[in-house]
């Protein structure tokens with residue numbers, strides 16, 4: 001047996017045992033409880049900081065992050081509603097009869113040679 | 001000891017080890033032609049983009065109908081169009097299919113309010129409708145991972161507008177033995193607090209959870225890289241996959257809440273009937289032919305989670321297609337390319 005084979009065998013045994021150990025640790029209810037509690041605490045702290053900032057901006061009569069998020073979300077909703085209406089109008093105009101093989105695009109950039 | 005052995009090995013295999021550093025230098029992610037199969041943007045809504053690939057062959061396979069590729073919400077869509085000669089989308093095009101692909105985009109802060117209902121019954125449904133109108137044929141859906149779950153949810157309401165459905169390592173039974181399932185169902189995990197605090201679930205939180213599922217796997221990965229550092233083809237694929245694996249996107253907050261509550265905790269997909277926001281969904285409603293591609297060694301979506309499709313599917317044409325590799329390898333690995341892709345293409349070419 002070469003030294004390489006010996007090392008590989010030893011490594012495989014170590015890998016299996018360590019994986020098993022880590023897996024059981026990750027499933028251990030106490031470990032998970034401590035991790036969850038820690039994460040929950042971090043989230044709570046962030047919420048407190050965010051709310052303090054939110055109140056500050058509100059007191060200054062300025063829009064805060066949440067206001068901006070809601071406004072942008074509503075704009076997206078409106079965009080979707082416009083699509084709904086477009087579809088409805090199209091259906092009404094065509095009397096539900098659609099031409100075969102219709103070329104259809106619904107974006108500003110109609111042809112994009114897409115390279116991510 | 002290990003360094004000593006490696007040094008010995010170095011002496012025995014000078015070619016491979018001397019290729020290691022040049023191999024690493026080769027890593028220029030920006031230069032890799034990732035996701036480069038020519039495609040046109042045909043529809044967009046919020047961050048979602050729907051692309052239609054330009055045909056590669058003169059004859060398109062009208063018999064099978066168009067195909068819509070639905071990637072997972074967690075990663076970028078180019079896993080299904082990785083590199084020229086190593087792209088699932090390109091392969092389907094070469095077989096003459098008319099292929100569309102969804103790109104979910106990167107959610108920004110305001111997208112925290114987007115739930116699964118919006119994603120499935122607005123965004124995805126509109127894409128389906130769009131393809132229906134543009135091609136006058138029912139699209140066949142190919143969903144990868146959670147993308148498959150979303151396709152299934154849509155089919156529960158719009159089965160008559162869909163052709164065939166192919167699920168690639170898709171979870172259906174969320175009460176399984178995987179760590180992800182256990183963590184998600186923990187009572188001490190306060191998902192509402194998390195969403196309230198973070199808005200969208202940050203990609204680094206998601207990625208670290210996935211890394212924690214197999215913490216030792218990077219050692220084998222880098223070992224393989226060292227061994228194959230002289231193999232240009234391997235290097236290209238390796239770096240492309242690494243680029244994709246580290247190119248994660250955040251998860252929309254409300255959608256994550258739905259994912260954990262409706263799918264992981266209530267395991268709704270395994271029920272006869274359940275509600276998702278305003279939609280009452282019944283499992284009996286799907287009679288479309290389905291193909292289930294899975295891997296026995298998938299540590300993210302275990303076998304039992306994908307095989308549960310057999311239990312909930314009430315239709316007549318069900319096909320299992322086992323693949324080799326892990327969650328990603330089973331879909332884009334070498335064996336998948338030579339064995340799984342041809343079978344999927346052939347199956348999709350069957351008339352509806």
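Read-outs: derived from the displayed coordinates by stated rules, not from any lab. Owing to the predicted nature of the structure, the values given are computational and were not obtained by experimental measurement. Heads up, the Cβs are rebuilt from the backbone with ideal geometry, glycines too, and the neighbour counts pull from every protein chain shown.
Here are a few things to note about the model shown:
- Within chain B, the proportion of C-alpha pairs whose separation exceeds 28 Å stands at 44%.
- Candidates B:220, B:122, B:335: whichever shows maximal mean-square fluctuation once chain B is modelled as a Gaussian network with Cα springs under 10 Å: B:220
- Pairwise centroid distance, computed over Cα atoms, of the range B:180-250 with the range B:67-97, Å: 20
- Values of log10 I(q)/I(0) for the range B:41-170 across q = 0.14, 0.19 Å⁻¹ run -0.57, -1.07, by the Debye formula with one identical scatterer at each alpha carbon and no solvent.
- With the largest listed first and rounded to whole Å, the semi-axes of the equivalent ellipsoid of the protein assembly as shown from the Cα gyration tensor are 37, 31, 23.
- Theoretical gain in end-to-end length, residue B:109 to residue B:299 [0.36 nm per residue, Cα-Cα removed]: 65.3 nm
- When B:170, B:340, A:71 are sorted by how many other C-beta atoms sit within 10 angstrom of their C-beta, beginning with the fewest, the order is A:71, B:340, B:170.
- The overall shape of the range A:12-62, judged from the alpha-carbon gyration tensor, is prolate: a/c is not under 1.5, and a/b is greater than b/c.
- Start at zero, step by 10 Å, and the Cα-Cα distances of the range B:239-338 spread as 13, 32, 37, 17, 1 percent across the bins.
- Exposure proxy order (Cβ contacts within 10 Å, fewest to most) of B:40, A:23: A:23, B:40
- Peptides B:198-209, B:148-159 ranked from most to least packed, by the mean per-residue count of other Cβ atoms within 10 Å: B:148-159, B:198-209.
- Residue by residue along B:38-50, Cβ atoms of other protein chains within 10 Å of the local Cβ number 5 on average.
- Restricting attention to the protein assembly as shown, close to 45% of DSSP beta bridges with both partner residues there are antiparallel.
- Shielding of A:41-47 by partner chains, average beta-carbon count, 10 Å: 4
- Each peptide in B:261-273, B:290-302 gets a packing score, the mean of other Cβ atoms within 10 Å over its residues, and the list from highest to lowest is B:290-302, B:261-273.
- Shielding of B:116-126 by partner chains, average beta-carbon count, 10 Å: 1
- Rounded tilt (10° steps) of B:203-213 against the dominant C-alpha axis of chain B: 70
- Listed from fewest to most Cβ neighbours within 10 Å, the set B:222, B:341, A:57 follows the order B:222, A:57, B:341.
- Of B:46, B:140, B:176, the residue with the greatest mean-square motion in the GNM of chain B, using alpha carbon springs below 10 Å, is B:46.
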